[in-house]
Amino acid sequence: MTIFEKSLQQHVETFDRLAAMEASVAKAAAVCADAIAKGNKVIFCGNGGSAADSQHIAAELVGRLVDDRRALPALSLTTDTSALTCIANDYGYDHVFARQLSGVGQAGDVLIAISTSGNSANILNAVEVAKSKGIYSIGWLGKDGGKLAHQVDWPLIAPSNITARIQEVHIFWGHVICALIEKQLGYGNWESA
């Protein structure tokens with residue numbers, strides 16, 4: 001079996017297990033849409049590929065996914081290199097997201113904490129800040145969910161132990177959640193998309 005064939009087989013097997021998670025993903029989207037409808041925002045954070053996913057999905061909400069609509073309030077804590085390097089230098093890398101969230105997060109916001117292992121110290125610290133500020137936390141996780149599965153308010157755990165497959169699930173969830181948010185807020189013609 002080639003690398004391509006093996007990767008495709010793993011992808012299909014993982015995605016075949018996702019149907020059972022539809023209601024859980026819909027709840028995550030409903031929480032985000034409700035926060036936006038009340039004037040709050042969705043905040044993302046993650047490391048490495050999860051940082052890219054944070055930026056990607058925040059951009060889908062601020063920009064658009066399918067149809068033109070108003071910008072929706074979302075941001076990623078992974079984009080400001082000055083803040084990231086200042087906080088890492090002065091407080092340590094474990095605090096790069098928590099420190100930012102303590103400054104920009106408000107009660108009623110939603111934090112989407114992305115970690116394939118569920119054990120990233122800087123994500124765990126951000127979730128602690130979220131709890132202290134009344135920010136609802138959703139985990140996009142993998143493997144067994146790690147420590148974050150027990151700390152976030154709503155864990156979504158990708159049904160795989162393979163990092164690449166977990167990341168593929170996370171970006172799928174991101175697009176579906178954006179679509180559901182748009183639909184709940186009355187935007188987009190998803191039946192024809």
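The values are calculated or read from the model by the stated rules, or taken from the named source; none is laboratory data. The structure presented is a predicted model; accordingly, all values stated were derived computationally and were not measured. Cβ placement follows ideal geometry from the backbone for every residue including glycine, while neighbour counts extend to all protein chains displayed.
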Are any residues in segment 64-81 at pLDDT 95 or above, more than 16 Å from Cys32 (Cβ to Cβ), surrounded by fewer than 17 Cβ atoms within 10 Å (Cβ to Cβ) and of a type outside the set (D, E, K, R), and if so, which ones? Thr79, Thr81
Hey, among the residues in segment 101-141 that are assigned to a loop (DSSP other than H, G, I, E, B) and within 12 Å of the chain's Cα centre (by Cα), which one's farthest from Leu61 (Cα to Cα)? Thr116
Of all residues in segment 50-63, which are within 14 Å of Ala179 (Cα to Cα) and crowded, with 22+ Cβ neighbours inside 10 Å? Ile57, Ala58, Leu61
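Assess whether Leu141 counts as being within 19 Å of Gln55 (Cβ to Cβ), among the hydrophobic types (A, V, I, L, M, F, W, C), crowded, with 17+ Cβ neighbours inside 10 Å and free of Cβ contacts under 8 Å to residues at least 60 places away in the same chain.
For Leu141, the condition - within 19 Å of Gln55 (Cβ to Cβ), among the hydrophobic types (A, V, I, L, M, F, W, C), crowded, with 17+ Cβ neighbours inside 10 Å and free of Cβ contacts under 8 Å to residues at least 60 places away in the same chain - is met.
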Residues that are of a type outside the set (Ser, Thr, Tyr) and surrounded by 15 or more Cβ atoms within 10 Å (Cβ to Cβ), drawn from segment 8-26: Gln10, His11, Phe15, Leu18, Met21, Val25
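In segment 30-48, is there at least one residue being among the polar types (S, T, N, Q) and under 26 Å from Thr163 (Cα atoms)? Talk me through it step by step, then tell me what you get.
The first filter runs over segment 30-48 and keeps only residues among the polar types (S, T, N, Q), leaving 40, 47.
Of the ones still in play, those that are also under 26 Å from Thr163 (Cα atoms) are 47.
Yes, the conditions are met somewhere in segment 30-48.
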Regarding Asp34, is this residue charged (D, E, K, R) and in a loop (DSSP other than H, G, I, E, B)? no
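Tell me, yes or no, whether segment 85-103 has at least one residue that is charged (D, E, K, R), touching a strand residue (DSSP E or B) at 6+ places or on another chain (Cβ under 8 Å), in contact (Cβ under 8 Å) with a residue 12 or more places away in the chain and buried (at least 20 other Cβ atoms within 10 Å of the Cβ).
The first filter runs over segment 85-103 and keeps only residues charged (D, E, K, R), leaving 90, 94, 99.
Okay, now just the ones that are also touching a strand residue (DSSP E or B) at 6+ places or on another chain (Cβ under 8 Å), so none.
No, segment 85-103 contains no residue that is charged (D, E, K, R), touching a strand residue (DSSP E or B) at 6+ places or on another chain (Cβ under 8 Å), in contact (Cβ under 8 Å) with a residue 12 or more places away in the chain and buried (at least 20 other Cβ atoms within 10 Å of the Cβ).
Condition check ((1) over 19 Å from Asp109 (Cα atoms); (2) free of Cβ contacts under 8 Å to residues at least 24 places away in the same chain; (3) surrounded by fewer than 18 Cβ atoms within 10 Å (Cβ to Cβ); (4) not basic (Lys, Arg)) across all residues:
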position: Val129; (1), (2), (3), (4): no, no, no, yes
position: Tyr136; (1), (2), (3), (4): no, no, no, yes
position: Pro159; (1), (2), (3), (4): yes, no, yes, yes
position: Gln167; (1), (2), (3), (4): yes, no, no, yes
position: Gly174; (1), (2), (3), (4): no, no, no, yes
position: Ile177; (1), (2), (3), (4): no, no, no, yes
For a quick check of your reading of the model, give me the residue pairs whose first member lies in segment 64-75 and is over 15 Å from His175 (Cβ atoms), whose second is in a loop (DSSP other than H, G, I, E, B) and polar (S, T, N, Q), with beta-carbon atoms closer than 9 Å and at least 6 apart or on different chains. Pro73/Asn40
Go over the candidates Val12, Val31 one by one and state the one that is of a type in the set (Val, Ile, Thr) and over 17 Å from the mean Cα position of the chain (by Cα). Val12
